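Contents: one structure, followed by commentary.
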Amino acid sequence: MTAGLVGKPHGLAGEVYVTPISDDPSRWQPGSELARETGDELVVEASRPHGRRLLVKFEGIDSRPDAERCRGPLYVAPKQLRALDHDEFWEHDLIGCEVVDVSGTHLGQVDRVVPGAAQDLLAVTVAAGERLVPVVKEIVVEVDAAAGRVTIDPPAGLLE
């Protein structure tokens, strides 16, 4: 799950601008652990609001060059993921899932999850190219992340 996006450094002491994405503000409290795409973890030393963004200082990031290397997405460390309700799924659990219709016919594969204002969208690659499937119970009827399968009941024209 994406927690935020690290932008440019702020000052010379290792602080960075972060655009928070997580709906959990505790992700930015001292001691919170976040993972980078490289797999290494960063521990929040301090954070403070700065407009719509945050200024964050990570442990061991003590200079502007260190901060420059932190740019990019931050993810919630696996050991800090919260328990999910039965109808909730982590984005990373959906990516790569096979998409089938209610009769079991293979339609495509989930390539990414697109955050939306009303609901998230599954970017699904089908024979006609990429199509966006709204994640609503009327269309996404079953998710079996363990089996790597998403079952949909698409309205006419959605995948054309």
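List every residue pair whose Cβ atoms lie under 7 Å apart, where the two residues are 6 or more positions apart in sequence or sit on different chains, the first residue falls within the stretch 7-25 and is in the same structural domain as Lys57 (by TED's automatic domain parsing) and within 24 Å of Pro65 (Cβ to Cβ), and the second residue, located anywhere, is part of a strand (DSSP E or B) and among the basic types (Lys, Arg).
Gly14/Lys57; Glu15/Lys57; Tyr17/Lys8; Tyr17/Arg53; Val18/Arg53; Thr19/Arg53
For Leu55, state whether it is farther than 30 Å from Leu158 by Cβ, in a strand (DSSP E or B) and modelled with pLDDT of 95 or more.
Details: farther than 30 Å from Leu158 by Cβ: yes; in a strand (DSSP E or B): yes; modelled with pLDDT of 95 or more: yes.
Yes.
Does any residue of the stretch 97-108 turn out to be farther than 30 Å from Ala13 by Cβ, loosely packed, with under 14 Cβ neighbours inside 10 Å and among the hydroxyl-bearing types (Ser, Thr, Tyr)?
The answer is yes; a qualifying residue exists.
Here's a check for you: in the stretch 103-159, which residue that is over 18 Å from the mean Cα position of the chain (by Cα) and among the acidic types (Asp, Glu) is nearest to Glu91 (Cα to Cα)?
Checked the stretch 103-159; the qualifying residue nearest to Glu91 (Cα to Cα) is Asp144.
Answer yes or no as to whether His86 is in a helix (DSSP H, G or I) and either loosely packed, with under 14 Cβ neighbours inside 10 Å or at pLDDT below 85 (or both).
Here the answer is no, as His86 does not meet what is asked.
Can you tell me which residues in the stretch 102-160 are more than 24 Å from Asp23 (Cβ to Cβ), touching a residue at least 12 places away in the same chain (Cβ under 8 Å) and not in a loop (DSSP other than H, G, I, E, B)?
Leu107, Gly108, Gln109, Val124, Thr125, Val126, Glu130, Arg131, Val141, Arg149, Thr151, Ile152
The values are calculated or read from the model by the stated rules, or taken from the named source; none is laboratory data. Everything numeric here is computed off the predicted structure, so don't read it as measured data. Note that we place each Cβ from the backbone using ideal geometry, even for glycine, and neighbour counts take in every protein chain shown.
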